[in-house]
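Heads up: the structure comes next, in structure tokens.
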Amino acid sequence: MSSKAELTEKDDFLSEYKYLFEISNIFERDLVKLVTMAKNDSDLTGLDFMVLWAPLVDQLGCKIKAAADKSDKILCCIDAIKEPKLRTVLQLAYIEGITREEIAERMNYSTRQIQRLLNQALELVEIVC
């Protein structure tokens, strides 16, 4: 049985999914804006782009990849849960980001039962780094 600290660590790890999803979307929009702006700058030659913009494009690309990699790890942790009911509760809570009350309504359980199911599911989560 996992300790409260281990469950909290797992909860924190899985909770990052929504943040990573949002931040990667922001980085992707910034990257598109940056490339579009550089292409529309008529005074910018290919060499100028490489010197001025390529490092920033690379940096944003790395941040997007890091966020996507961590998101994939979170999804793998959830997908590894064999019990469909427990996996569904994790997906609804951490991927879709809906409240315990909404999960209970969707799954036709009490919120107390959903909390128990979440705790059971967190017990089974194995964080793979």
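The values are calculated or read from the model by the stated rules, or taken from the named source; none is laboratory data. These figures come from a predicted structure and were not determined experimentally. Backbone-built Cβ (ideal geometry, glycine too); neighbour counts: all protein chains shown. These accessible areas exclude ligands, DNA and RNA; they are computed on the full protein's heavy atoms, side chains included. Shrake-Rupley method; radii C 1.70, N 1.55, O 1.52, S 1.80 Å.
Worth a mention:
- Residue-level check: of (1) modelled with pLDDT under 85; (2) over 25 Å from residue 10 (Cβ atoms); (3) in a helix (DSSP H, G or I); (4) open to solvent by 60 Å² or more (accessible area, probe 1.4 Å), residue 43 misses just (3).
- Failed criterion for residue 101 (all others in (1) open to solvent by 40 Å² or more (accessible area, probe 1.4 Å); (2) modelled with pLDDT under 95 hold): (2)
- Within the range 2-23, considering residues that are under 19 Å from residue 89 (Cα atoms) and among the acidic types (Asp, Glu), the one most open to solvent (accessible area, probe 1.4 Å): 9
- Qualifying residue in the range 76-83 (condition: over 13 Å from the mean Cα position of the chain (by Cα), in a loop (DSSP other than H, G, I, E, B) and loosely packed, with under 12 Cβ neighbours inside 10 Å): yes
Results for (1) touching a His at 6+ places or on another chain (Cβ under 8 Å); (2) open to solvent by 50 Å² or more (accessible area, probe 1.4 Å); (3) without any contact (Cβ under 8 Å) to a residue 12 or more places away in the chain; (4) not in a helix (DSSP H, G or I), shown as yes or no for each residue.
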position: 60; (1), (2), (3), (4): no, no, no, no
position: 68; (1), (2), (3), (4): no, no, no, no
position: 91; (1), (2), (3), (4): no, yes, no, no
position: 97; (1), (2), (3), (4): no, no, no, yes
position: 109; (1), (2), (3), (4): no, yes, yes, yes
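- Residue list for the range 1-40, restricted to those being at pLDDT below 75 and either among the basic types (Lys, Arg) or touching a Ser or Thr at 6+ places or on another chain (Cβ under 8 Å) (or both): 39
- Filtered residue count, the range 111-129, keeping only those that are under 20 Å from the mean Cα position of the chain (by Cα) and open to solvent by less than 50 Å² (accessible area, probe 1.4 Å): 4
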